[in-house]
Every structure is written in C-alpha cells, then in structure tokens.
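Since every read-out is calculated from the coordinates, none of them should be taken as a lab result. Note that the coordinates shown come from a computational prediction; the quantities given were computed from them, not determined experimentally. Note: ideal-geometry Cβ built from the backbone for every residue, glycine included; neighbour counts use all protein chains shown.
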Amino acid sequence: MTSSRFVKIGAAGAQLPAEAAEWVAVLDNDTKLIWSLAAAKAKSWQHADEIAKSTTIAGLLGRLPTRKELLTLVDDTRYNPAIDTAFFTECPTDDWYWTSTPAAPSPGVCAWVVYFYSGDANWDYRLNGGFVRAVRASQS
C-alpha cells in the first residue's frame, strides 16, 4: 500500500499520479524535499559529493543529503530495503549511502552513512565507496 506522503515527479518537474509508470524523482510531502530516483555508486565520499552536485533533479541540481534528511526515508516497517519501494524502486542495499554530515570523532576523515538494507546509520571513512541519492529542496 502506498501513501500520499510521496509523490512521483516527472523529468520536467511536474507531479505525476501514483500509478505513473515512469518518474525520475520523488517529492516527500513531509519534508518538502525532492529525491532523485536513481541511486549511483560512488568510489568515495568526495566522488559521492561530486555525483550529487551534478545530478539534475526535476530541472535543478542536487546535493548530498544530511544524515537527518536521509534517515527520513528509512521505513521502520520494511527490511532489505528499509524504504518505500513503491516510490524508490532503485535502492541497492549492498553498501552504505553517503550523507553530507561529518562524523564527530573525525570530521575531516569520516562522514555519516545510512544503510537501507536494515535502516541503520553509522559513520565511515570518506575514502570508502558507497551509494549516493541526491536531494534538493522543493520549490513550493
């Protein structure tokens, strides 16, 4: 069952009906953030940041989400992946997803990550690989 929390967004930025078969982004009505549908594999945190900043989401460039932002996508009622798969159909779960939030123990070397296999959050070394799901603010 899908909820009205998420809305599919087309390439031109228009909201689509829930039954739409193709979309490129997802609007979260709770946070007013627009998420890229595609999840890209990155070689490192720096690479993830570059991918996010070059990702076009419904006409505007994206960025890496903060830890708090990315954790809003975790669905505690799901597992592998712990995300609403009716809207986020592309969610590889074999690695972490990078955030822009530095990890306090070593902020220059580590950053927070979210693992959509189980919905966990932790921190990792910025030189390690992981996924990126770009985000941007809604225009409304």
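For the reader, a short list of remarks on this structure follows.
- Qualifying residue in region 39-59 (condition: within 22 Å of Arg5 (Cβ to Cβ) and surrounded by fewer than 17 Cβ atoms within 10 Å (Cβ to Cβ)): no
- Subset of region 1-53 (residues that are small (Gly, Ala, Ser), within 27 Å of Asp94 (Cβ to Cβ) and in contact with a strand residue (DSSP E or B) (Cβ under 7 Å, 6 or more places away or on another chain)): Ala25, Ser36, Ala39, Ala40, Ala42, Ala48, Ala52
- Hey, Trp35 in contact (Cβ under 8 Å) with a residue 12 or more places away in the chain, aromatic (Phe, Trp, Tyr) and more than 26 Å from Lys8 (Cβ to Cβ) or not: no
- Region 7-47, residues that are in contact with a Leu (Cβ under 6 Å, 6 or more places away or on another chain) and either acidic (Asp, Glu) or not in a strand (DSSP E or B) (or both): Gly10, Trp23, Val24, Ser44
- Here Thr89, Thr101 are screened, and the one residue that is out of contact with any Gly (no Cβ under 7 Å at 6 or more places or on another chain), free of Cβ contacts under 8 Å to residues at least 40 places away in the same chain and either surrounded by 13 or more Cβ atoms within 10 Å (Cβ to Cβ) or assigned to a loop (DSSP other than H, G, I, E, B) (or both) is Thr101.
- Meets criteria (of a type outside the set (Gly, Ala, Ser) and without any contact (Cβ under 8 Å) to a residue 12 or more places away in the chain) for Glu22: no
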